[in-house]
Amino acid sequence: MSKDVIIACDFSSKAELLTFLDKFNGESAKPFLKVGMELFYAEGPEIVREIKRRGHRIFLDLKLHDIPNTVKKAMAVLSALDVDIVNLHAAGTISMMEAALEGLTRPDGTRPLLIAVTQLTSTSEERMKNDLLIDHALDEVVLHYAANAKTAGLDGVVCSPLEAGKVKGVCGDTFLTVTPGVRFADGNVGDQVRVTTPAKAKELGSDYIVVGRPITEAADPVAAYKRCIAEFL
Ligand code: C5P
């Protein structure tokens with residue numbers, strides 16, 4: 001897979017999503033889309049099938065985190081949706097990640113890419129220490145979780161662009177880094193904490209940047225998407 005910009009489609013209904021997607025009708029390339037909990041829980045798996053029918057690649061961002069058996073069975077269901085990338089929380093441990101991979105793998109050996117969330121980009125080191133009682137540097141935790149994901153056989157991690165280079169250093173160049181927390185230099189940070197620009201994410205070695213509100217809430221979403229592409233690719 002080559003580098004790309006993934007648009008986080010954090011909409012609460014199919015109608016809102018389609019209104020957004022229609023803005024891209026005149027464009028030659030179909031954007032890679034991320035479908036998260038909000039849209040999936042509102043509309044169910046049919047929304048994924050609808051987006052696939054329209055020819056988009058899909059990162060289904062449901063961040064599974066449960067006991068290994070439950071995650072394995074849930075992944076088998078998601079695998080049947082034939083999306084390109086799915087994910088889980090590395091905090092579920094190596095055995096949960098191994099079970100997920102098993103559930104995701106189809107009888108013919110094919111499967112969507114599986115990546116792990118290390119620490120959410122909205123989490124600061126201070127919150128991690130105070131709320132989660134994880135008394136290590138944030139970088140150290142991210143790298144340790146990434147190494148666990150690699151040990152379990154996963155394809156990569158979700159992390160901040162600021163951590164992408166270090167993750168590659170520990171897990172190898174082909175280990176994917178999918179990075180949200182991207183903002184234009186002149187944009188709003190919102191609730192994200194560990195953020196950087198598309199250009200900087202490129203420099204830091206991200207494979208995919210996930211960009212939501214800077215595109216979906218822009219006055220001209222297509223122009224904002226193209227700005228991301230121009231800066232990142
Ligand atoms: O609107 P914004 O660009 O902040 O959207 C970022 C997207 O990436 C959201 O859909 C959010 O759920 C997701 N994400 C994240 N941090 C992670 C994993 C996923 O922000 N660690």
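The values are calculated or read from the model by the stated rules, or taken from the named source; none is laboratory data. Please read all numbers here as calculations on a predicted model, not as lab measurements. The area values use the complete protein model at the heavy-atom level, side chains included, leaving out ligands, DNA and RNA. Shrake-Rupley method; radii C 1.70, N 1.55, O 1.52, S 1.80 Å.
Across all Cα atoms of region 153-233, the radius of gyration (one decimal) and Dmax (whole number) stand at 12.7, 41 Å. Taking every protein chain into account, the accessible area of region 57-204 amounts to 44 square angstrom per residue (probe 1.4 Å). Calculated from the alpha-carbon coordinates, region 137-199 shows an Rg and a Dmax of 12.4, 39 Å respectively. Shown for region 4-232 is the translational diffusion coefficient from the Stokes-Einstein equation, using the Kirkwood radius over Cα pairs, a temperature of 4 °C and a viscosity of 1.567 mPa s: 72 µm²/s.
Rolled with a 1.4 Å probe across the full set of protein chains, the surface gives S2 an accessible area near 90 Å².
Report in % the part of the accessible area of region 1-154 that belongs to carbon and sulfur, leaving out ligands and nucleic acids; probe 1.4 Å. Carbon and sulfur: 52 percent of the exposed surface of region 1-154.
Considering only alpha-carbon pairs that sit under 8 angstrom and 6 or more positions apart, the relative contact order computed for the chain is 19 percent.
Using a Cα-Cα cut-off of under 20 Å, which lysines could be cross-linked to K72, ignoring same-chain neighbours fewer than 8 residues away? Partners found: K63, K150. Overall shape of region 1-86 was characterised from the C-alpha gyration tensor. The equivalent ellipsoid obtained from it has semi-axes of 24, 15, 11 Å, in decreasing order. Largest mean-square fluctuation among P214, P107, P45, in a Gaussian network model of the chain whose springs join Cα atoms under 10 Å apart, belongs to P107.
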